[in-house]
1. Taking amide H atoms as placed 1.01 Å from N in the peptide plane, list the residues 5 or more away in sequence, or in a different chain, whose amide H sits under 5 Å from that of B:Cys172.
2. Under 5 Å between amide hydrogens, which residues at least 5 positions from B:Val129 or on another chain qualify, with H placed 1.01 Å from N in the peptide plane?
3. At 7 Å along Cα-to-Cβ for each site, give me the label-to-label distance between B:Arg121 and B:Ala144 in nm.
4. To make sure I understand the rule: partners must be aspartates and glutamates, Cα under 15 Å from the Cα of B:Lys146, and not fewer than 8 residues away in the same chain. Which ones qualify?
5. Assuming R0 = 35 Å, can you tell me the calculated FRET efficiency for the pair A:Glu47 and B:Arg193, based on Cβ-Cβ distance, to the nearest 0.05?
6. Using mean Cβ contacts within 10 Å as the protection proxy, how do B:33-41, B:189-197 order, highest first?
7. What distance in nm separates the simple spin-label points at A:Ala105 and B:Lys185, each placed 7 Å from Cα in the Cβ direction?
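What follows is calculated from the coordinates using simple rules that are stated; it is not laboratory data. Please read these numbers as outputs of a predicted model, since none were measured by experiment. Note: ideal-geometry Cβ built from the backbone for every residue, glycine included; neighbour counts use all protein chains shown.
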Amino acid sequence: MAVTGSGHDGERERDVLRRAGEASVLILTSLADGPKHGYALISDIKEFSGLRLGPGTLYGALDRLESLGLIQALPAEERRHPYRITFAGEIALRDHLDSLERVSAVGRLRLGLGGA
Amino acid sequence: MSSYRYARMIEIAVRCYPQEWRDRHGDEAIELAELLVRDGGSAVLVAWSYLRGAAREQLVTRPSRRLRPALAALVIGATLIGVPLVLLDSSTPANAASSGEVIAVISNRSDAVGQLESVFRSHHFNIEVEEEPSSPSRVGSILAVKVGPEKAIGHAVLREIAGPCVGGVSGCIDAIAVPLHYTGKAQVFVGRRANPGERYFASVSVLCPGETWRHGGILGKTTVSPAQHLGAQRC
């Protein structure tokens, strides 16, 4: 029996992170519990995901997220620029995680692992 | 790989980004790289990550001229990663000829004078190298170049080449390009450690990496009044 996801076209359109790349999702997830600068972001992401973001990837994603209004740069602390997640960023992350959960549920069902 | 070499490699990579990006992220990017390498990360991978980011950034910010700078960043990347920069290898003579120029590079600051003199001598240039006292971060780099009066009558000019300082993006002069057929006189002044009582020939901000105040235990560790007192004592 084929298991498909229910129609969520509207939600997919709302999920602005769908094409933003994994780094963007990881950064927003990291910022969800408070502002961080580059080194703290890389360390935190390594800790909770096991992935080590390259610094070039990090800055590219930070600039992209800032241009989308999903994060905001805070005043610099010496050479370091901390960022915080914006309200729009929280909503975007929540939408994206919801979307991932639906995909996850379908995948688990198809693998016979039980629903999420 | 020595810390000086990896720092140079990373700073070269950061220089591939557009100026606006460097103004905003440059200093932090270098500090971040230092921290990642200190934590056991590979300097080569960090530099490569910056180079890929720089190529991407050039494509985004300069759509009208996007291929040339992006390709340049990747070519530099291939050089950095594949052929770990001949110029960074202190065992290699500080000498490279390209585009009708001889480029004398200081790759070993403790032998800056010897390296420059060796290149100038081998090409029979009438260029003297002299040492002058300088503030710590300028020791072993080129402080100034003085060209003889012949310059005014049509001799090609010597070209200073800014190299990446450790910990900064403003750059130090650690190479000089001399036209292959240069016949004029010139003096190149190289920084040396100052002796007590000497005045610096050239200095940079006391807050730069390698400078006394930056590493003297004053900044960030005390309040204004004691810092002023300590500063007055040092002066």
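1. Residues meeting the amide H criterion: B:Gly163, B:Cys165.
2. HN-HN under 5 Å from B:Val129: B:Val188.
3. Using points 7 Å along Cα→Cβ, the separation is 2.6 nm.
4. B:Glu128, B:Glu130, B:Glu131, B:Glu132, B:Glu160
5. On the way: r = 43 Å, r/R0 = 1.23.
Using R0 = 35 Å, I get an efficiency of 0.20.
6. Details: B:33-41: 16.7, B:189-197: 15.1.
Descending packing order for the listed peptides: B:33-41, B:189-197.
7. Modelled inter-label distance: 8.7 nm.
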